[in-house]
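Q: I have a structure here, written as structure tokens, and I will follow up with some questions on it.
The values are calculated or read from the model by the stated rules, or taken from the named source; none is laboratory data. Note that the structure is predicted; figures quoted are calculated from it, not measured. Don't worry about glycine lacking a Cβ; one is built from the backbone with ideal geometry, like all the others, and counts go over all protein chains shown. Areas reflect the complete protein model, heavy atoms only, side chains present, ligands, DNA and RNA absent. Shrake-Rupley method; radii C 1.70, N 1.55, O 1.52, S 1.80 Å.
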Amino acid sequence: MNRRKFIHLSALTAPLLTAKNVIANNKTAVTKPIVISTWDSGMPVNAEAWKILSANGTALDAVEAGAKHIENEINCCVGIGGYPDRDGIVTLDSCIMDHNANCGAVAGIERIKHPVSVARMVMEKTPHVILVGAGAQQFAVENGFKLEPETLSESAKKAYDQWLKKSEYKPVINIENIPQGQEPKKQNGPFAPNFFDDGSANHDTMGLVAMDASGNLSGAVTTSGMAFKIHGRVGDSPIIGAGLFVDNEVGAATSSGTGEEVIRICGTHLVVEFMRQGMAPELACKKAVERIVKRDKEKAKTLQVGFLAMNKKGEYGAYAIQKGFVFSVKSNSENKIHPSKFLL
Ligand code: SD4
């Protein structure tokens, strides 16, 4: 091909190539609305959030509704039915964050059924971000939340009685709440959502992130925290930048696992900052996991942390220290549980 022919051909094909690029760009069009959440217990949570997202509701309303749904499960691991601390008291942590970096949280709140809604109220009705313990409870009651009875749920009572026999603080990787008398199943296959004979998985934390039809991101986390913790202990879940971070320009992330390790590296803030540098969500989560493991590999072998992230294109990914972390996704094109990749 001589030079003149080449230039002529280039001139003719240039618009075509541009048109092709437009089509290619459309192929990577943003997936929205979409909601992702930690663990397989995220499936019903996503379904609840989806009711709002699919009706053009906001991501903020969707994540609150999703979190409330699991807080309602009385024999579940999250909310007032969750496992107590070593003194037999259930203390709950929760936070919520929207697309304008508004955020609210409660930590160590007792006897309140929907900590996530109290967290939202802290965000919307106060100049503060976090309320703790008795003050958080007082604020909730003043704002119309009912004080629930002090009693433990049936499953929590059994587990606590069992735990008291040895009184050791020894979280099991991926399984913070072991139903009494049951051994966890071996984790075979790509992932093992049901660890126990009764089909339960028992994680005590729900973290979810959603993008609504307008492209706005929000996230929420709710938990009873690590079972049998010291009374007063606060994990990563209610800490903005640790258990949850949302930056509407970039993406959002949440975490599950041993909160202390997540707090140490400002985990979800780190994941979002990695995405800001151009990393895909999975790689960003992996880099954060590596940061934890690098600090103390021997310790990392004994614990689990999983990060879950979404960027502004609606792309998502996760990464964990160990095998066994799974996450749930709901969009117009999918509704399923994914296994997370892991480092060790
Ligand atoms: C905590 N991150 O309190 C929580 C525990 C958790 O599944 O995620 N459990 O440290």
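Q: Of everything in region 261-298, what is of a type in the set (Lys, Arg) and within 16 Å of the ligand (Cβ to nearest atom)? Give them in sequence order. Give the steps one after another, and end with the answer.
A: As a first pass, look at region 261-298 and keep what is of a type in the set (Lys, Arg): 264, 276, 286-287, 291, 294-295, 297.
Correct list: 264 only.
Q: Taking region 67-80 as the search range and keeping residues that are within 16 Å of the ligand (Cβ to nearest atom) and either over 21 Å from residue 228 (Cα atoms) or at pLDDT below 90 (or both), which one is most open to solvent (accessible area, probe 1.4 Å)? Explain how you work it out, then say what you get.
A: So the first thing to find is which residues in region 67-80 are within 16 Å of the ligand (Cβ to nearest atom), and the list is 67, 70-71, 73, 76-80.
Okay, now just the ones that are also either over 21 Å from residue 228 (Cα atoms) or at pLDDT below 90 (or both), so 67, 73, 76-78.
Values: 67: 0, 73: 88, 76: 23, 77: 9, 78: 1 Å².
Looking at residues that are within 16 Å of the ligand (Cβ to nearest atom) and either over 21 Å from residue 228 (Cα atoms) or at pLDDT below 90 (or both), I get 73.
Q: Counting only residues that are within 16 Å of residue 315 (Cβ to Cβ) and either in a strand (DSSP E or B) or of a type in the set (S, T, N, Q) (or both), how many does region 236-260 have? Let's see the steps before the verdict.
A: To start, the set of residues in region 236-260 that are within 16 Å of residue 315 (Cβ to Cβ) comprises 246-254.
From the residues that got through so far, the ones that are either in a strand (DSSP E or B) or of a type in the set (S, T, N, Q) (or both) too are 246-248, 251-254.
So the answer is 7.
Residue-by-condition table, conditions (1) in a helix (DSSP H, G or I); (2) without any contact (Cβ under 8 Å) to a residue 40 or more places away in the chain; (3) open to solvent by less than 40 Å² (accessible area, probe 1.4 Å):
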| residue | (1), (2), (3) |
| --- | --- |
| 93 | no, no, yes |
| 99 | no, no, no |
| 107 | no, no, yes |
| 116 | yes, no, yes |
| 119 | yes, no, yes |
| 122 | yes, yes, yes |
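Q: Say whether the condition of being of a type outside the set (D, E, K, R), within 22 Å of residue 257 (Cβ to Cβ) and open to solvent by less than 10 Å² (accessible area, probe 1.4 Å) is met by at least one residue in region 52-61. Walk me through how you get there before you give the answer.
A: As a first pass, look at region 52-61 and keep what is of a type outside the set (D, E, K, R): 52-60.
Remaining after also requiring within 22 Å of residue 257 (Cβ to Cβ): none.
No, region 52-61 contains no residue that is of a type outside the set (D, E, K, R), within 22 Å of residue 257 (Cβ to Cβ) and open to solvent by less than 10 Å² (accessible area, probe 1.4 Å).
Q: Now a separate question. Could you tell me which residue of region 219-232 is least open to solvent (accessible area, probe 1.4 Å), considering only residues that are more than 30 Å from residue 61 (Cβ to Cβ) and more than 8 Å from the ligand (Cβ to nearest atom)? Steps first, please.
A: At the first step, the residues of region 219-232 found to be more than 30 Å from residue 61 (Cβ to Cβ) are 227-232.
Narrowing further to those that are more than 8 Å from the ligand (Cβ to nearest atom): 227-228, 230-232.
Details: 227: 10, 228: 28, 230: 101, 231: 80, 232: 60 Å².
In this case the residue turns out to be 227.
Residues checked against (1) under 19 Å from residue 109 (Cβ atoms); (2) modelled with pLDDT under 95:
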| position | (1), (2) |
| --- | --- |
| 179 | no, yes |
| 202 | no, yes |
| 205 | yes, yes |
| 209 | no, no |
| 213 | no, no |
| 220 | yes, no |
| 251 | no, no |
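Q: Among the residues of region 245-258, how many are more than 12 Å from the chain's Cα centre (by Cα) and not hydrophobic (A, V, I, L, M, F, W, C)?
A: Taking region 245-258 as the starting set, the residues that turn out to be more than 12 Å from the chain's Cα centre (by Cα) are 247-251, 258.
Narrowing further to those that are not hydrophobic (A, V, I, L, M, F, W, C): 247-249, 251, 258.
The total comes to 5.
Q: Please state which one of 140, 159 is touching a helix residue (DSSP H, G or I) at 6+ places or on another chain (Cβ under 6 Å) and either at pLDDT 85 or above or not in a loop (DSSP other than H, G, I, E, B) (or both).
A: Working: 159 fails: touching a helix residue (DSSP H, G or I) at 6+ places or on another chain (Cβ under 6 Å).
Selected residue: 140, the only one of 140, 159 that is touching a helix residue (DSSP H, G or I) at 6+ places or on another chain (Cβ under 6 Å) and either at pLDDT 85 or above or not in a loop (DSSP other than H, G, I, E, B) (or both).
Q: On to the next question. Of all residues being of a type outside the set (Gly, Ala, Ser) and buried (at least 22 other Cβ atoms within 10 Å of the Cβ) in region 207-218, which is farthest from the ligand (Cβ to nearest atom)? Just the residue, please. Break it down into steps so the answer makes sense when it comes.
A: As a first pass, look at region 207-218 and keep what is of a type outside the set (Gly, Ala, Ser): 208-209, 211-212, 216-217.
Of the ones still in play, those that are also buried (at least 22 other Cβ atoms within 10 Å of the Cβ) are 208-209, 211-212, 217.
Details: 208: 13, 209: 15, 211: 22, 212: 25, 217: 21 Å.
The selected residue is 212.
Q: Still on this structure: So, in region 295-328, of the ones that are of a type in the set (Val, Ile, Thr) and touching a helix residue (DSSP H, G or I) at 6+ places or on another chain (Cβ under 7 Å), which residue ends up surrounded by the most Cβ atoms within 10 Å (Cβ to Cβ)? Spell out the reasoning first.
A: Applying the first criterion (of a type in the set (Val, Ile, Thr)) to region 295-328 yields 302, 305, 321, 326.
Adding the requirement that they be touching a helix residue (DSSP H, G or I) at 6+ places or on another chain (Cβ under 7 Å) leaves 305, 321.
Values: 305: 28, 321: 26.
Going through the qualifying residues, I end up with 305.
Q: Could you grab me the full set of residues in region 246-260 that are away from the ligand (no atom under 16 Å from the Cβ) and open to solvent by 10 Å² or more (accessible area, probe 1.4 Å)?
A: Narrowing region 246-260 to residues away from the ligand (no atom under 16 Å from the Cβ): 246-252.
247, 248, 249, 250, listed by residue number.
Q: Quick one: in region 261-283, which of the residues that are farther than 15 Å from residue 317 by Cα and either assigned to a loop (DSSP other than H, G, I, E, B) or modelled with pLDDT under 95 (or both) is least open to solvent (accessible area, probe 1.4 Å)?
A: Checking each candidate, the answer is 265.
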